Amino acid sequence: MLANPFPDLSNEQEDALKINLQQWALTNGLVMYPPNFEPCQVNVAPITLFPTPIPRSCFDSANKVQKLFNELYVSLVSKEKSWLVGILAELAQFDPEFTGKLFEIYQKSIADGVLQPLSLGIFRSDYMIDSKSNEIKQIEFNTVSVSFGGLSTKIGQLHNFLNANGFFDNKYNFKYYKDEEIPVSKSVDQIAEGLADGNYHYNEDKKYAQNTIVLVVVQPNERNCFDQRLIEYSLFENHGVRSFRVTLENIVDKITENDGKIYVKETMDEISVVYYRSGYGPDDYEVNPAKTWHGRFLLEKSKAIKCPSILTQLSGSKKIQQLLTNEQIISKLLPKLNKTDLQLLLSTFVKIWPLDDSEEGKLAAKLAFEEPQNYVLKPQREGGGNNIYKLDIPDFLKNLKKEEWGAYVLMELITPQTYKNKIIRNEEIFNEDIISELGIFGTTLFSEETGDIKTNKNAGWLLRSKFETSNEGGVAAGFGCVDNIHLY
Ligand code: ADP
Ligand code: MG
């Protein structure tokens, strides 16, 4: 099967498409705050005009492998916890100011016993499609604060609206794509369902657990808050569960603890699940380190279910991702995995090298200097803007103390096919080569003590695209945009 080419519209038709797209987006919440915003003013989120082609086989594999990845990480933080903790203790030494502090809170929070063994994962596994093999290759597995589940549903609905109303057709206002070629991600409702699962099990399986609420920990002045709000509103509409937003800095002022349970001070609403959309990078704590770190500790040791717990958050480290590409380690974590599933998991990996004293590490150091154009160097950081690409790698390493190299991993670059889609950012339409990254959401509720899995679900997808010329793909950071899938 061949993908449809992108619609070829006249200037007038593109103008009509643009205004319809903008007004639909504003009406339905496909929006973001601009920099330095007033709370009453929003912009259309940066998006593509058209959906970008994704082979159906790749999309199916990515969806199919998600529950296996969920299970892999569950097993890591529960059944192989001591192994994980050992590695994290080493990472903490490389990065005392962030990983170290999180690790310290983890240790302090379990010192007097664990009040809540249940843990909620809302994950997103990101892939690019390698143009040579035409297979999905994992960029990163995210275990904390995964974003764009909200806007992804919205762009799917928008493109379906535009398609059904003929704005993609340049002759007769027919549908340019068949409906099944542009499916809509159910991530808004399915991520909300993950939170509802947490709320339900917190209440020891009482069916109508509508009195407890979800605490959403957010960044101050969050420009992407509508993406989060869509999930909060779905949680309320579909499950009757309310939510309360707080910044890391305000936790100690707004939240109170009694007998391990935590409550919103003002209303005494009991909190069942703490949902982090902040706290994944050092900047989040720097506003007021004493207060933010203490706030994180207060929540971590409480009886509320954390999404994610510190251990689950840290299991998303790049170093752990590197270790998990090893077949023996996977087989140890998932001993019952059948051959087909094992092959499927393994087929999603490109080579990731350690940069330590091991033989592999030494080989990697050589590669980093001899053919840096094929690699990206990654530190233990989340949230974009931290990686070192291609020819920048040798100088970067030269300026880094040898003792610090072990904190980095060297990853083979994936080269996806480029497409000439159009990106709309404010009033401007860009027509450049783009590359896309497919993210698959998954939710899982499990016991960190026993590894018992209560739920393990797929939760929709996300396509993000960026100019081929830019290394990074952050949407809020201004590098990329939210895209939509055209299956072929
Ligand atoms: P972060 O935690 O900052 O999101 P990522 O590992 O996701 O770190 O890298 C950020 C971006 O860099 C990705 O979204 C992708 O665009 C690009 N990137 C990362 N790894 C690779 C790779 N192996 N091949 C090609 N591009 C990559
Ligand atoms: Mg990423």
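A short reminder: the numbers here are calculations on the coordinates, not readings from a lab. These numbers were taken from a predicted model, which means no experiment stands behind them. Counting neighbours? That spans all protein chains shown, and the Cβs are built from the backbone with ideal geometry, glycine included.
Near residue 212, no amide H atom lies under 5 Å from its own; only residues 5 or more places off or on other chains count, and H is placed 1.01 Å from N.
Taking the Cβ of residue 295 as the centre, find all other residues whose Cβ is under 15 Å away and add up their charges (Lys, Arg: +1; Asp, Glu: -1).
Numbers: positive: 101, 108, 245, 254, 265, 277, 291, 296, 301, 306; negative: 104, 249, 253, 257, 284, 286, 300.
Neighbourhood net charge equals +3.
For segment 156-173, the Karplus equation 6.51 cos²θ - 1.76 cosθ + 1.60, evaluated at θ = phi - 60°, returns couplings of x, 5, 4, 5, 5, 5, 5, 5, 5, 9, x, 6, 8, 9, 9, 10, 10, 6 Hz by residue, with Gly and Pro reported as x. Here is the size of segment 116-210 from its Cα atoms: Rg then Dmax, 18.8, 60 Å. For the residue pairs 67/306; 67/108; 137/318; 81/101, alpha carbon separations beyond 23 Å are given by 67/108. For residue 245, the residues whose modelled amide H falls within less than 5 Å of its own, excluding neighbours fewer than 5 places apart on the same chain, are 216. Computed from backbone phi, the HN-Hα couplings of segment 364-372 come to 4, 4, 5, 4, 4, 8, 7, 9, x Hz, rounded to whole numbers (Karplus: 6.51 cos²θ - 1.76 cosθ + 1.60, θ = phi - 60°; Gly and Pro given as x). Taking only the C-alpha atoms of segment 170-317, the Rg (one decimal) and the largest Cα-Cα distance, Dmax (whole number), read 18.1, 68 Å. The relative contact order of segment 99-174 comes to 18 percent, based on Cα pairs under 8 Å that sit 6 or more residues apart.
Roughly how big is the chain's charge dipole about its Cα centre, with Cβ charges of +1 (Lys, Arg) and -1 (Asp, Glu), in debye to the nearest 20?
Working: 52 positive and 66 negative charges, 142 e Å.
Dipole about the Cα centre, nearest 20: 680 debye.
Only Cα pairs under 8 Å and at least 6 apart count here; give the relative contact order of segment 351-413 as a rounded whole percent.
Values: 91 pairs, mean separation 29.0, N = 63.
Once divided by the residue count of segment 351-413, the mean separation gives 46 percent.
Phi-derived couplings, Karplus 6.51 cos²θ - 1.76 cosθ + 1.60 at θ = phi - 60°, listed residue by residue for segment 56-71: 4, 5, 5, 4, 5, 4, 4, 5, 5, 7, 4, 5, 5, 5, 3, 5 Hz, with x used for Gly and Pro. Sort 307, 225, 481 by Cβ crowding within 10 Å, fewest neighbours at the top. Sorted ascending by nearby Cβ count, the order is 225, 481, 307.
Figure the gain on full extension for residue 112 and residue 326 (residue separation times 0.36 nm, minus the Cα-Cα span) and round it to one decimal in nm.
On the way: separation 214, 0.36 × 214 = 77.04 nm, distance 3.49 nm.
Fully extending the segment from residue 112 to residue 326 adds 73.6 nm.
How about segment 324-429: which GluC sites (Glu not before Pro) there lie in a loop by DSSP and see at most 14 other Cβ atoms within 10 Å?
Working: sites: 327, 359, 360, 370, 382, 403, 404, 412, 427, 428; in loops: 382, 427.
Those satisfying the criteria are 427.
Considering every pair of different Cα atoms, what Kirkwood radius, in Å, is found for segment 351-413?
Roughly 11.4 Å, rounded to one decimal.
Neighbours of residue 114, meaning other residues whose beta-carbon lies under 13 angstrom from its beta-carbon, give a summed charge of +1 when Lys and Arg score +1 and Asp and Glu score -1.
Working from the pairwise distances between different alpha carbons, so that the mean of 1/r is found and then inverted, what is segment 360-488's Kirkwood radius in Å? Working shown, then result.
Details: mean 1/r = 0.0569 Å⁻¹.
For segment 360-488, the Kirkwood estimate is 17.6 Å.
Here the relative contact order of the chain, from alpha carbon pairs under 8 Å that lie six or more residues apart, stands at 26 percent.
For the chain, what is the calculated [θ] at 222 nm in deg cm²/dmol (nearest 500), taking -39500 (n - 2.57) for each run of four or more DSSP H residues and dividing by its residue count? Working shown, then result.
Values: 16 runs with 179 residues, N = 488.
The per-residue figure over the chain is -11000 deg cm²/dmol.
From largest to smallest, what semi-axes in whole angstrom does segment 1-105 give when each is the square root of 5 times an eigenvalue of its alpha carbon gyration tensor?
So the equivalent ellipsoid measures 43, 25, 12 Å along its semi-axes.
Residues whose amide H comes within less than 5 Å of that of residue 459, counting only those at least five positions distant or on another chain, are 441, 442, 443 (H built at 1.01 Å from N in the peptide plane).
With 10 angstrom as the radius, rank 145, 57, 133 by how many other C-beta atoms surround their C-beta, starting from the fewest.
On the way: 145 25, 57 14, 133 10.
Ranking 145, 57, 133 by Cβ neighbours within 10 Å, fewest first, gives 133, 57, 145.
The label point for residue 403 and the one for residue 221, both projected 7 Å from the Cα toward the Cβ, are 3.7 nm apart. Put in order of Cβ neighbour count within 10 Å, fewest first, the listed residues 9, 413 become 413, 9.
Can you give the net charge of the other residues whose Cβ lies under 10 Å from the Cβ of residue 238, counting K and R as +1 and D and E as -1? Please list the in-between numbers first.
On the way: positive: none; negative: 189, 193, 237.
So the environment of residue 238 carries a net charge of -3.
For segment 197-259, count all C-alpha to C-alpha pairs, find those more than 19 Å apart, and express that count as a whole percent of the total. In whole percent, the long-distance tail amounts to 41. Set the Förster distance to 35 Å, then compute FRET efficiency between residue 81 and residue 468 from the Cβ-Cβ distance, nearest 0.05. Between residue 81 and residue 468 the formula returns 0.25. For the chain, the Cα-based Rg and Dmax, in that order, read 22.4, 70 Å.
Go through 319/401; 186/339; 301/454; 319/398; 366/420 and tell me which ones have a Cα-Cα distance over 25 Å in this structure. Write out the running numbers ahead of the final one.
Details: 319/401 18 Å; 186/339 30 Å; 301/454 22 Å; 319/398 21 Å; 366/420 36 Å.
As for pairs spanning more than 25 Å Cα to Cα, those are 186/339; 366/420.
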